[in-house]
Amino acid sequence: MAELSSYEGKLYWNDGTGLLLVGQVRDIEGPGVTQDMVDAASRDGGKLETYLGGLRNAGEITFDIVYDPDLATQSTLASSLVAGTQGYVFLVLRELAENGWHGAAQVSGFKPKAPLRGALTADVTIEMVAEVSELWYLGDGDGNYMVDGDSNYWVA
């Protein structure tokens, strides 16, 4: 098994105004998809607990940024939160023919931090509002493209 560096991970956001690379991202976590398990045990089960898959939660993506209020991609995230605008998030795990995730989402948190010592940062939460899908990030001689499972693509 090959060891992979997560350094290449990138986040893109599209709130309808165009696909933007979110700048100065540090740690990324998620989307964290979960499924409720429904207890379906009965007296006929022979002392064996039985569970059925219940509702799924598409999860959320959380990340922190070195916050620059003048950076367009960061201000777009804050604006999307204030306006309640739904968009699409693209999480590229590794560039050039590697995969990631994408899906409909909404910014649900933007929390700036201004420590006495240290960089101005912000914690951002993007809530997935639909199932996430696989994403492929491809490159050719003319540019890079993100391709979803339905063969839709976006120039990166």
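The values are calculated or read from the model by the stated rules, or taken from the named source; none is laboratory data. Keep in mind it's a predicted model, so treat the numbers as computed, not measured. Heads up, the Cβs are rebuilt from the backbone with ideal geometry, glycines too, and the neighbour counts pull from every protein chain shown. Only protein heavy atoms, including side chains, enter the accessible area calculation; ligands, DNA and RNA are left aside. Shrake-Rupley method; radii C 1.70, N 1.55, O 1.52, S 1.80 Å.
When only residues in segment 128-156 that are small (Gly, Ala, Ser) and modelled with pLDDT under 85 count, which is least open to solvent (accessible area, probe 1.4 Å)? It would help to see each step written out before you state the result.
Taking segment 128-156 as the starting set, the residues that turn out to be small (Gly, Ala, Ser) are 130, 133, 139, 141, 143, 149, 151, 156.
Cutting the leftovers down to modelled with pLDDT under 85 gives us 133, 139, 141, 143, 149, 151, 156.
On the way: Ser133: 50, Gly139: 45, Gly141: 86, Gly143: 22, Gly149: 53, Ser151: 89, Ala156: 54 Å².
Once the filter is applied, the top-ranked residue is Gly143.
Taking segment 12-33 only, how many residues are open to solvent by less than 80 Å² (accessible area, probe 1.4 Å), of a type outside the set (A, V, I, L, M) and either modelled with pLDDT of 90 or more or within 14 Å of the chain's Cα centre (by Cα) (or both)?
Total meeting the criteria: 8.
Taking the criterion of being part of a loop (DSSP other than H, G, I, E, B) and either β-branched (Val, Ile, Thr) or more than 16 Å from Gly9 (Cα to Cα) (or both), would at least one residue in segment 89-101 satisfy it?
No, segment 89-101 contains no residue that is part of a loop (DSSP other than H, G, I, E, B) and either β-branched (Val, Ile, Thr) or more than 16 Å from Gly9 (Cα to Cα) (or both).
Yes/no per residue for (1) among the β-branched types (Val, Ile, Thr); (2) open to solvent by less than 50 Å² (accessible area, probe 1.4 Å); (3) within 16 Å of the chain's Cα centre (by Cα):
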| residue | (1), (2), (3) |
| --- | --- |
| Thr76 | yes, yes, yes |
| Ala83 | no, no, no |
| Leu91 | no, yes, yes |
| Gly100 | no, yes, yes |
| Gln106 | no, no, yes |
| Gly109 | no, yes, yes |
| Leu116 | no, no, no |
| Ile126 | yes, yes, yes |
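Considering only segment 38-64, how many residues are surrounded by 10 or more Cβ atoms within 10 Å (Cβ to Cβ) and under 24 Å from Glu134 (Cα atoms)?
Count: 10.
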